[in-house]
Amino acid sequence: MVEVVGVRYRDAGHIYYFTPGDSEYVYNDKVLVESQQALHIATVAIPKKEIDPEELPDQLNPILHKAAPAEMEKHKKNEKDAQAALKIAKEKVRNHRLEMKIVKVEYTFDRSKLIFSFTADGRIDFRELVKDLAGVFRTRIELRQIGVRDEAKLVGGIGPCGRPLCCSSFLGDFVPVSIKMAKDQGLSLNPTKISGLCGRLMCCLQYESEEYELAKKELPDFGKVIDTPDGKGKVVGLNLLSRVVKIRLTGRENPVEYEWDELKEFIQVGEMNG
């Protein structure tokens, strides 16, 4: 097992592992790390823990040290300068008439690199833009094309639920979401009802998916004929989370609702007697 500390470069960002050396780091500590030949200020998300080496990258870098007040001041200045760079970059994009949208700009701590994250519908020839930006900022320029979900994570916003977006507030990594999850939960399949600000399926569809999957395996399927305390009937409705089964009994017009625990015990007793 290897002792590591997990850090994030931004709020709700992906967690990267570094070795702590002889130092102790606690949650939310600001630390200085080196990655991809550049220095970064990061936040401790996972204090020291042991992980199987097979789950880690081949090369682990050490945390350099806890960020000093002067280093945090420099970090804040970098963030302020990056905001100014964002305005300049947007103007340069307009001048070059490129079909792209600059979403975020970030300086590495040592200002050896200026990273521009952008969205675009297809491939963009931004070589002239890079030359232009390099001439203005006098540092290495990196342009990263990101998807719409990544854009929502970087920009943030308020979701249909009225709360800050999950992806920008606490989700470290995106989770796979499918239309089947919405179907299992009995939700409207209207895209406007189950899509987030990014236009993709809402991440929260995944939160209760496992519970719905378990309930589906336990409860009878739609259309199945089962025994009830009041006779045989066909399943015409299911409330998976509350475990309520709606049955249309033979000879009756209106369906009857049964608690599944009660119904399950009756079915089991009937099977044993049979």
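The values are calculated or read from the model by the stated rules, or taken from the named source; none is laboratory data. Everything numeric in this text was worked out from a predicted model, so none of it was measured. Don't worry about glycine lacking a Cβ; one is built from the backbone with ideal geometry, like all the others, and counts go over all protein chains shown. The accessibility values were calculated without ligands, DNA or RNA, using every heavy atom of the protein model including side chains. Shrake-Rupley method; radii C 1.70, N 1.55, O 1.52, S 1.80 Å.
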(request) For the stretch 152-231, please list each of the helices (runs of 4 or more DSSP H) lying entirely inside it that holds at least 2 residues being without any contact (Cβ under 8 Å) to a residue 60 or more places away in the chain. (result) 179-184, 191-194, 209-218
(message) Restricting to the stretch 232-243, count the residues that are open to solvent by 40 Å² or more (accessible area, probe 1.4 Å) and in a strand (DSSP E or B).
(response) 5
(message) For the condition among the aliphatic types (A, V, I, L, M), open to solvent by less than 50 Å² (accessible area, probe 1.4 Å) and touching a Ser or Thr at 6+ places or on another chain (Cβ under 9 Å), what is the one hit in 249, 219?
(response) 249
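Let's see how each residue does on (1) over 20 Å from residue 35 (Cα atoms); (2) part of a strand (DSSP E or B); (3) not β-branched (Val, Ile, Thr):
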residue	(1), (2), (3)
78	no, no, yes
93	yes, no, no
114	no, yes, yes
124	yes, no, no
141	no, yes, no
(message) Please determine whether any residue of the stretch 190-204 is buried (at least 16 other Cβ atoms within 10 Å of the Cβ) and over 22 Å from the mean Cα position of the chain (by Cα).
(response) no
(message) If I ask for residues that are under 19 Å from the mean Cα position of the chain (by Cα) and not acidic (Asp, Glu), which ones from the stretch 205-215 would you list?
(response) 205, 206, 207, 209
(message) If residue 228 meets every condition in (1) of a type in the set (Ser, Thr, Tyr); (2) open to solvent by 30 Å² or more (accessible area, probe 1.4 Å); (3) over 25 Å from the mean Cα position of the chain (by Cα) apart from one, which number is that one?
(response) (2)
(request) Kindly provide the set of residues from the stretch 1-32 that are open to solvent by 40 Å² or more (accessible area, probe 1.4 Å) and of a type in the set (D, E, K, R), ordered by number. (result) 3, 8, 10, 11, 22, 24, 30
(request) Inspect the stretch 118-135 for any residue being among the small types (Gly, Ala, Ser), farther than 25 Å from residue 174 by Cα and either surrounded by 12 or more Cβ atoms within 10 Å (Cβ to Cβ) or touching a Leu at 6+ places or on another chain (Cβ under 6 Å) (or both) and give the result as yes or no. (result) yes
(message) Against the condition surrounded by 12 or more Cβ atoms within 10 Å (Cβ to Cβ) and either modelled with pLDDT under 90 or farther than 21 Å from residue 150 by Cβ (or both), how does residue 173 come out, does it pass?
(response) no
(request) Restrict the check to the stretch 61-68 and report whether at least one residue is in contact with a Leu (Cβ under 8 Å, 6 or more places away or on another chain), outside any helix (DSSP H, G or I) and farther than 26 Å from residue 17 by Cβ. (result) no
(request) Hey, can you tell me all the residues within the stretch 91-126 that are farther than 12 Å from residue 142 by Cβ, without any contact (Cβ under 8 Å) to a residue 40 or more places away in the chain and more than 28 Å from the chain's Cα centre (by Cα)? (result) 91, 93, 94, 95, 96, 97, 98, 111, 125
(message) Is it the case, given these coordinates, that residue 105 is open to solvent by less than 60 Å² (accessible area, probe 1.4 Å) and farther than 18 Å from residue 40 by Cβ?
(response) no
(request) Determine the pairs where a residue that is within 16 Å of residue 213 (Cα to Cα), located within the stretch 237-259, has a partner that is assigned to a loop (DSSP other than H, G, I, E, B) with Cβ atoms under 6 Å apart, the partner being 6 or more residues away or on another chain. (result) 238/219
(message) Being open to solvent by 30 Å² or more (accessible area, probe 1.4 Å) and hydrophobic (A, V, I, L, M, F, W, C) is the filter here; which residues of the stretch 33-48 pass it?
(response) 39, 46
(request) Taking residue 94 as meeting all but one of (1) buried (at least 16 other Cβ atoms within 10 Å of the Cβ); (2) over 30 Å from residue 2 (Cα atoms), write down the number of the exception. (result) (1)
